[in-house]
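A short reminder: the numbers here are calculations on the coordinates, not readings from a lab. In this text, all values refer to a predicted model and were calculated from it rather than measured experimentally. Cβ coordinates were reconstructed from backbone atoms using ideal geometry, including for glycine residues, and neighbour counts include every protein chain displayed.
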Amino acid sequence: MKEAASNHIESILKDYHWMMNSIKILRDSMKDAGEVVTAEYGNESAMPKAQGTTSDPVYKETVWREK
């Protein structure tokens, strides 16, 4: 049982760099995926719009490590 957990942790750590790169590629590909689309008519157009971005600690760590 302990051996299986050890192998699982080892595989997670081995794949960490690859996963961070995959996250970065996905984030970059989603940047132009309609972020500025908002309602133009009706009640939704009068509602306040979202400001800023959501926090993603994994992505921030990836960017920090790249620098």
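Once phi is turned into ³J(HN,Hα) by the Karplus curve 6.51 cos²θ - 1.76 cosθ + 1.60 with θ = phi - 60°, what whole-Hz value does each residue of region 9-17 show in order, with x for glycine and proline?
Karplus values, whole Hz, x for Gly and Pro: 4, 4, 5, 5, 5, 5, 8, 4, 4.
Need one number: nm distance between label points at residue 7 and residue 63, each 7 Å from Cα along Cα→Cβ, rounded to one decimal.
Distance between the two pseudo-spin positions: 3.8 nm.
Between residue 49 and residue 26, what length in nm is gained on full extension when 0.36 nm per residue of separation is reduced by their alpha carbon distance? Present the calculation step by step, with values, prior to reporting the outcome.
Details: separation 23, 0.36 × 23 = 8.28 nm, distance 2.46 nm.
So the extension gain works out to 5.8 nm.
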